[in-house]
1. For segment 173-216, which residues satisfy the criterion of being at pLDDT 95 or above, small (Gly, Ala, Ser) and open to solvent by 20 Å² or more (accessible area, probe 1.4 Å)?
2. If a residue must be surrounded by 17 or more Cβ atoms within 10 Å (Cβ to Cβ) and not in a helix (DSSP H, G or I), how many such residues does segment 141-168 contain?
3. Counting only residues that are open to solvent by 20 Å² or more (accessible area, probe 1.4 Å) and either among the aliphatic types (A, V, I, L, M) or closer than 12 Å to Trp196 by Cα (or both), how many does segment 67-80 have?
4. Please specify each residue of segment 171-210 satisfying the condition of being of a type in the set (Val, Ile, Thr) and more than 19 Å from Val11 (Cβ to Cβ).
5. Can you name the number of the only condition in (1) modelled with pLDDT under 95; (2) assigned to a helix (DSSP H, G or I) that Glu222 fails?
6. Considering only segment 47-62, how many residues are under 15 Å from Arg16 (Cα atoms), open to solvent by 50 Å² or more (accessible area, probe 1.4 Å) and touching a residue at least 12 places away in the same chain (Cβ under 8 Å)?
7. Only one residue in Glu5, Glu44 is assigned to a loop (DSSP other than H, G, I, E, B) and open to solvent by 60 Å² or more (accessible area, probe 1.4 Å), so which one is that?
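The values are calculated or read from the model by the stated rules, or taken from the named source; none is laboratory data. Predicted, not measured: the structure shown is a model, and the values here were computed from it. Methodologically, a virtual Cβ is constructed for each residue, glycine included, from the backbone with ideal geometry; neighbour enumeration extends over all protein chains shown. To get the accessible areas, we keep the full protein, side chains included, count just its heavy atoms, and leave off ligands, DNA and RNA. Shrake-Rupley method; radii C 1.70, N 1.55, O 1.52, S 1.80 Å.
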Amino acid sequence: MTGGEALISNVSDTARWVAAYRAIETARTDALFDDPLADRLAGERGHAMVAAAPRIMRGGWPVVTRTKLIDDLIATAIGEGCDRVLNLAAGLDTRPYRLDLPADFVWVEADLPALTAEKEAALADQKPHCTLIRRGVDLADPAALAKFLDTALGPLGPENSPAAKALVLTEGLLMYLEEETVRAIAAALDRPEISWWVMDVTVSMKRMRSGSMFDNAPLRFEPANGIRFYEDLGWQPVEVEHLLVHARKLNRAPWYLRPFTYLPQPNPRKPGRNPWSGVVRFQRT
């Protein structure tokens with residue numbers, strides 16, 4: 001960047017970094033998903049972030065594996081009757097454009113107003129596969145979040161019924177928040193219309209963010225008790241997918257990490273000091 005500008009000036013900028021990894025994956029002959037819009041959204045800045053990222057992130061295997069796992073969990077939930085997805089902190093995600101979704105399926109995105117407006121402009125010439133609604137929302141504001149949920153779970157128009165079995169997605173969000181905010185979000189999602197909550201959970205993964213590039217987007221929340229934190233808040237795990245193990249199965253794990261995938265894996269409820277990262281689908285209890 002010119003003039004000493006940081007590659008990542010705030011958490012929202014990490015969306016460009018993630019999009020760049022999706023673009024790199026899409027260019028592979030054995031790609032796990034096809035995201036033709038990712039390169040457009042990543043831009044030069046997103047690819048510069050990839051070039052500056054720690055060696056352990058080479059190829060973006062955590063992002064790619066997480067993306068594939070969440071794609072599959074969403075498809076499973078739709079097969080189980082999910083009638084709406086609420087993507088909180090949607091960033092530059094493009095699932096409404098690339099997933100095989102029913103035309104009448106409702107997908108609602110929420111993110112900070114500036115990033116939402118940028119994305120709206122960047123994809124103005126594209127048509128999603130489903131009914132897509134975007135809203136600019138400060139999710140850390142409890143009143144704004146409650147108002148958003150009231151609207152997003154409602155009919156949203158004469159052709160749509162209120163949600164009955166919604167899935168909430170918080171991909172790449174909770175790790176950047178304070179614990180108090182995470183608890184507030186969990187409480188806000190305790191609604192009868194919401195059946196599932198899909199997220200990535202990380203514990204002791206700060207080594208993946210070595211270097212100064214992430215100074216303006218520090219990790220703030222890594223629950224020491226892993227998924228037990230969410231169980232104590234009333235959410236029961238339905239699927240718990242270990243990221244590194246699946247990265248090896250999908251042939252995306254770096255060669256030097258593959259031997260560790262054959263060892264006993266950390267308990268996702270008691271990871272202790274062991275690095276652990278996974279994708280989890282919870283259901284309300």
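1. Ala184, Ala187, Ala188, Ser195
2. Keep residues of segment 141-168 that are surrounded by 17 or more Cβ atoms within 10 Å (Cβ to Cβ), which gives 145, 148-149, 152-153, 156, 163, 166-168.
Next, only the ones that are not in a helix (DSSP H, G or I) stay: 153, 156, 163, 166-168.
Summing the residues that are surrounded by 17 or more Cβ atoms within 10 Å (Cβ to Cβ) and not in a helix (DSSP H, G or I) in segment 141-168 gives 6.
3. 4
4. Pass one, segment 171-210, residues of a type in the set (Val, Ile, Thr): 181-182, 185, 194, 198, 201-203.
Scanning segment 171-210 gives Ile194, Val198, Val203.
5. (2)
6. The total comes to 2.
7. Glu5
Conditions (1) open to solvent by less than 50 Å² (accessible area, probe 1.4 Å); (2) β-branched (Val, Ile, Thr); (3) part of a loop (DSSP other than H, G, I, E, B); (4) at positive phi, marked per residue:
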| site | (1), (2), (3), (4) |
| --- | --- |
| Cys82 | yes, no, yes, no |
| Asn87 | yes, no, no, no |
| Leu92 | yes, no, yes, no |
| Ala103 | no, no, yes, no |
| Glu109 | yes, no, no, no |
| Leu115 | yes, no, no, no |
| Lys119 | yes, no, no, no |
| His129 | no, no, yes, no |
| Arg134 | yes, no, no, no |
